[in-house]
Amino acid sequence: MSTALPKGLFISFEGIDGAGKSSHIEALAQAFRDQGRVVTLTREPGGTPLAEKLRALMLHDAMDPLTEALIAFAARRDHLVQVIEPALARGEVVISDRFTDATFAYQGAGRGFSWEQLSALERMAQTGTALQAGQAPDFMREPDMTLWFDLPAEVAAERLATARVPDRFEAQPGEFFARVAQGYAERARTAPQRFVRIDAHASRHAVWQQITQAVVRKGWLAIMVGSKP
Ligand code: TYD
């Protein structure tokens with residue numbers, strides 16, 4: 001007798017640079033593994049050999065904003081086709097450090113691209129990738145849940161001040177990040193069923209509690225007593 005595959009889950013982490021996602025991403029992946037799930041941990045831009053090359057260009061080479069947006073979506077398409085959709089079809093949990101909301105926040109709110117234009121690219125890049133039987137041809141892949149680390153841009157800037165050599169985004173002035181933060185807030189307003197706002201100003205433990213509560217509430221994880229980030 002064959003056992004039915006668990007339902008694939010797609011979770012993205014978002015937030016401005018310095019919001020503190022990294023350690024929690026790893027901890028959430030471990031929490032799913034501890035409860036018997038197979039996890040694909042990935043990131044954007046990147047996640048495939050081609051998309052990682054595009055990431056290096058996007059983070060380090062000068063280019064105009066449209067080129068930047070197109071590269072973000074080109075990398076995403078490859079990532080979806082090569083990694084995300086196959087993992088979801090195998091019933092895995094896919095956790096991605098950033099996804100399309102980052103393009104709306106950074107290229108949209110940050111660089112000044114219109115959301116209509118980005119929405120058209122989003123539809124083009126994220127449709128027709130799904131592998132599951134019975135999926136409508138116009139189905140557009142989006143995360144099942146987006147954990148949005150909300151932190152004032154000034155606080156994130158202080159945290160980043162001690163960080164490594166900045167990339168093209170981290171080197172942007174404070175007002176760029178204030179716009180990016182607003183972009184995330186706006187995007188969250190348009191998709192309240194998918195977004196979970198995490199108060200990233202809280203202590204590390206309190207942030208972890210907000211994350212686990214969100215996934216437990218969905219019934220995706222059993223209650224984790226005393227689990228640590
Ligand atoms: P990030 O995910 O913060 O990785 P690291 O921790 O290694 O710096 O870096 C990715 C950068 O790319 C980040 O500044 C946000 C930016 N970005 C975009 O501008 N658009 C996008 O669509 C994505 C996915 C990321």
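The values are calculated or read from the model by the stated rules, or taken from the named source; none is laboratory data. Everything numeric here is computed off the predicted structure, so don't read it as measured data. Positions of Cβ are generated from backbone atoms using ideal geometry, with glycine treated the same way; all protein chains shown enter the neighbour counts.
Of all residue pairs spaced 6 or more apart or on separate chains, those with beta-carbon atoms under 7 Å, a first member in the range 195-211 that is surrounded by fewer than 21 Cβ atoms within 10 Å (Cβ to Cβ) and a second member that is in a loop (DSSP other than H, G, I, E, B) are His201/Leu151; Arg204/Pro229; His205/Pro229.
Within the range 8-28, the residues that satisfy the criterion of being more than 20 Å from Arg168 (Cβ to Cβ) and either assigned to a helix (DSSP H, G or I) or out of contact with any Pro (no Cβ under 7 Å at 6 or more places or on another chain) (or both) are Gly8, Leu9, Phe13, Gly20, Ser23, His24, Ile25, Glu26, Ala27, Leu28. Of the residues making up the range 81-89, at least one is surrounded by 14 or more Cβ atoms within 10 Å (Cβ to Cβ), touching a residue at least 60 places away in the same chain (Cβ under 8 Å) and within 24 Å of Glu68 (Cβ to Cβ). The set of residues in the range 180-194 being in contact (Cβ under 8 Å) with a residue 40 or more places away in the chain, surrounded by fewer than 19 Cβ atoms within 10 Å (Cβ to Cβ) and farther than 14 Å from Leu151 by Cβ consists of Glu186, Ala191, Arg194. If Arg187 satisfies all but one of (1) more than 16 Å from the chain's Cα centre (by Cα); (2) part of a helix (DSSP H, G or I); (3) closer than 18 Å to Arg98 by Cα, what's the number of the condition it fails? Just one mismatch for Arg187, condition (1). Evaluated against (1) in contact with a helix residue (DSSP H, G or I) (Cβ under 6 Å, 6 or more places away or on another chain); (2) under 27 Å from Asp64 (Cβ atoms); (3) modelled with pLDDT of 95 or more, Ala102 falls short on exactly one condition, (1). Would a scan of the range 215-222 turn up a residue that is surrounded by fewer than 16 Cβ atoms within 10 Å (Cβ to Cβ), in a loop (DSSP other than H, G, I, E, B) and of a type in the set (Lys, Arg)? Yes; the residues of the range 215-222 include at least one that is surrounded by fewer than 16 Cβ atoms within 10 Å (Cβ to Cβ), in a loop (DSSP other than H, G, I, E, B) and of a type in the set (Lys, Arg).
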